[in-house]
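Please read the structure below before turning to the comments.
Please treat every number below as a calculation from the coordinates, not as lab data. Small disclaimer: the values here were computed from a predicted structure and weren't measured. Glycine gets a Cβ as well: all are built from the backbone with ideal geometry, and neighbour counts include every protein chain shown.
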Amino acid sequence: MWKKRVVVAAATALMAVGLLSGCGSDNGSGADKQYKVGVIQLVEHPALDAANKGFVDGLASKGFKDNVKIDQQNAQADQSNLNSIAQRFVSDKEDLVLAIATPSAQAMANASKDIPILGTAITDYVQAKLVHSNEKPGTNVSGTTDMNPVEKQVDLITRVLPNAKKVGLIYSASEVNSQLQAARMKAHAKEKGLEVVEATVQNVNDIQQAAQNLVSQGVQAIYMPTDNVVASAMPNLVKITDEAKIPVFPGEDNIVKIGGLATYSVDYYQLGFQAGLMGAKILSGEAKVSDMPIESQQEFKLVINEDVAKRLGITLPADVVQEASK
């Protein structure tokens, strides 16, 4: 009788352990498995760095921290580097890849149709041929869009400089996201009665000449979309524009911090964090990337740099100062 009771007790204990183990593995964080996540970033600059940090923090907020090995790779704005990194992630059989900026996502999507890919700092996934639609991607790509309020940003130029008639536009002709924003900027500027002088660049080495060209044509302000090439060389741009007392209105707040005057900004850290939450759902098996709609920011904050305004001799309107984060 004593032996029988011991056997029954042992069996009961094993069943209890099994039940507890089952409960522990269903916590959404995949704690019993080690995951491999690759991050492919186009280039270093504040906006993309913020998106990268947000993604890592987003994953960690859902329990994907100690059980995740993150392979961080930066292509230094080189297409061949992007392709090499993408092939490396395929060979390493990553469970998930974050692609920061459109060229990164395109390189990764060309390399793999199987690995779930999340993008961030990408303006238009459909135009970049990464998804079939924003609502239902239908591919192995989804993520967050950094489409910024271009029209509102153009309106801000006229609020700050009501007498402005000629505005410069500088962007990389090779970036799909920049082309899209440039087209919207020119269309809205025309409606506002502004003349737009356009300058395109292929790489950072072209920025100085492009800026000098805009200055020589008498622009009174320069609009800069969320462009990775120009953003990575912002000091080169403002070195020329500051000397000419011409303000730069960029597409996001990290560029305001390093020399831009003002903008209505997307929050790249938050967009990265949102992508991290999406990644957690993919790793936990809660969602499939092909079914996850592209997510976006709904509200945009006005950001100003009062030091730049003072340096350029610009008096910001009281309503702009009151509304803005500084």
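Numbers below:
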quantity: Sequence-distant residues sharing a close amide H with Ala287 (under 5 Å, placed H); calculated: Ile282
quantity: Förster radius 41 Å - calculated FRET efficiency between Lys281 and Lys190, Cβ distance, rounded to 0.05; calculated: 0.45
quantity: Linear extension gain, Gln270 paired with Ser80, 0.36 nm per residue minus alpha-carbon span; calculated: 65.5 nm
quantity: Pairwise FRET efficiency - Val126 versus Lys152, Cβ, R0 = 22 Å, nearest 0.05; calculated: 0.50
quantity: Ellipticity estimate at 222 nm from DSSP helix runs (n ≥ 4, -39,500 (n - 2.57)) divided over the chain, nearest 500; calculated: -14000 deg cm²/dmol
quantity: Additional length obtainable on full extension of the chain from Asp92 to Ala60, 0.36 nm per residue less Cα span; calculated: 9.3 nm
quantity: Residues whose placed amide H lies under 5 Å from that of Gly119, excluding near-sequence neighbours; calculated: Ala99, Ser142, Gly143, Thr144
quantity: Cross-link pairs Lys152/Lys190; Lys33/Lys281; Lys165/Lys239; Lys53/Lys152; Lys65/Lys113 - those with Cα-Cα distance over 21 Å; calculated: Lys165/Lys239; Lys53/Lys152; Lys65/Lys113
quantity: Under-5 Å amide H pairs with Lys301, H placed in peptide plane, nonlocal only; calculated: Ser265
quantity: Residues Asn203 and Ile314, FRET efficiency given R0 of 25 Å [Cβ-Cβ distance, rounded to 0.05]; calculated: 0.25
quantity: Additional length obtainable on full extension of the chain from Lys239 to Lys136, 0.36 nm per residue less Cα span; calculated: 32.7 nm
quantity: GNM flexibility winner over the chain from Glu299, Glu243, Glu191 (Cα, springs under 10 Å); calculated: Glu191
quantity: The range 265-274 - phi-based ³J(HN,Hα) in whole Hz, Karplus 6.51/-1.76/1.60, Gly and Pro as x; calculated: 10, 6, 10, 5, 4, 5, 5, x, 4, 4
quantity: Trypsin sites (Lys or Arg not before Pro) within the range 136-198: DSSP coil, no more than 15 neighbouring Cβ in 10 Å; calculated: Lys165, Lys192
